[in-house]
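Each remark here refers to the structure printed beneath this line.
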Amino acid sequence: MERYYPVAVVTLLCGLVLFAMALAVARAHSKTGILAPAMTGDPRLERAVRAHTNTLEWLPIFLPSMWLFAIYWSAAWAAALGLVWLIGRAAYFVGYLSDPMRRYPGFLIQTIAALVLLLGALGRIIYLAAA
């Protein structure tokens, strides 16, 4: 079980990052004077909500892929790629908040990390099933 500690730590870091993003959305609500449940009316709020929601949309792709990659390949590599994904998501979020066009570098980083995890896990599972 200890071999999966790094992956577990990255999973918990994902929770912390999501919590920080949710706090940023709450701050945007407060700064714009647009209180929940309203989600539109100011570009700053809309960008914060969209960046947070997009991260939530990627979690069902990223988390299972990371864990399956850890099980079928390497926990250390899965955790490292998970950290790359988190860095990409943070860059995406910060970039999106400042200017929507600045979200692309972070999006590219996290997409590559997620695809490596997803295709790596899938490929290994198919290979082992066929063997």
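The values are calculated or read from the model by the stated rules, or taken from the named source; none is laboratory data. Nothing here was measured: the structure is a model prediction, and the numbers come from that model. Note that we place each Cβ from the backbone using ideal geometry, even for glycine, and neighbour counts take in every protein chain shown.
Things to note:
- For the range 64-73, the criterion of being farther than 20 Å from Leu118 by Cα and part of a helix (DSSP H, G or I) is met by none of the residues.
Quick grid of which residues meet (1) in a helix (DSSP H, G or I); (2) surrounded by 12 or more Cβ atoms within 10 Å (Cβ to Cβ); (3) of a type in the set (Gly, Ala, Ser); (4) at pLDDT below 95:
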position: Tyr4; (1), (2), (3), (4): yes, yes, no, no
position: Val9; (1), (2), (3), (4): yes, yes, no, no
position: Leu12; (1), (2), (3), (4): yes, no, no, no
position: Leu16; (1), (2), (3), (4): yes, no, no, no
position: Met21; (1), (2), (3), (4): yes, yes, no, no
position: Met39; (1), (2), (3), (4): no, yes, no, yes
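- Residue selected from the range 23-37 under the condition of a type in the set (Val, Ile, Thr) and assigned to a helix (DSSP H, G or I), by the criterion surrounded by the most Cβ atoms within 10 Å (Cβ to Cβ): Val25
- Search result, residues across the range 48-70 that are over 22 Å from Ala26 (Cα atoms) and without any contact (Cβ under 8 Å) to a residue 60 or more places away in the chain: Pro60, Ile61, Phe62, Leu63, Pro64, Ser65, Met66, Leu68, Phe69
- Hey, Tyr127 farther than 22 Å from Ala24 by Cβ, touching a Lys or Arg at 6+ places or on another chain (Cβ under 6 Å) and either polar (S, T, N, Q) or surrounded by fewer than 17 Cβ atoms within 10 Å (Cβ to Cβ) (or both) or not: no
- Take the conditions (1) among the aromatic types (Phe, Trp, Tyr); (2) without any contact (Cβ under 8 Å) to a residue 40 or more places away in the chain; (3) touching a Gly at 6+ places or on another chain (Cβ under 6 Å); Phe107 misses just one of them, which is (3).
- Yes/no for Thr55 being out of contact with any helix residue (DSSP H, G or I) (no Cβ under 6 Å at 6 or more places or on another chain) and under 25 Å from Gly120 (Cα atoms): no
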